[in-house]
Amino acid sequence: MSKLKLRPLEDETPVKMTLDVPAATHRNLLAYAQAHAAQTGGKPAEPVRLVVPMLDQFMASDRAFVRGRNPRGG
């Protein structure tokens, strides 16, 4: 398998949010957790712990979003 984009998970105090996801998304998160654990040598994370790092990675790689947040306009 190619190297995954998600870095090792950090231990941070979370802000409580409730989120419903489709069953297929949950299965994909479980599979990703397994692959991530195999790559990092740890235990598979609970799927809920993957959501925030994945969202962070997505937003950081979205050029239009990053440009829009840059006060100089890009």
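The values are calculated or read from the model by the stated rules, or taken from the named source; none is laboratory data. The structure presented is a predicted model; accordingly, all values stated were derived computationally and were not measured. Cβ: placed from backbone, ideal geometry, glycine included. Neighbour counts: every protein chain shown. What goes into the accessible areas is simple: the full protein's heavy atoms, side chains included, and nothing from ligands, DNA or RNA. Shrake-Rupley method; radii C 1.70, N 1.55, O 1.52, S 1.80 Å.
Some notes on this structure:
- Verdict on LEU9 being surrounded by 12 or more Cβ atoms within 10 Å (Cβ to Cβ) and either touching a Ser or Thr at 6+ places or on another chain (Cβ under 6 Å) or modelled with pLDDT under 85 (or both): yes
- Output for region 19-74, where each listed residue is in contact with a Pro (Cβ under 8 Å, 6 or more places away or on another chain), at pLDDT below 95 and either open to solvent by 60 Å² or more (accessible area, probe 1.4 Å) or of a type in the set (D, E, K, R) (or both): THR40, VAL52
- Some residue of region 59-72 being charged (D, E, K, R) and touching a residue at least 24 places away in the same chain (Cβ under 8 Å): no
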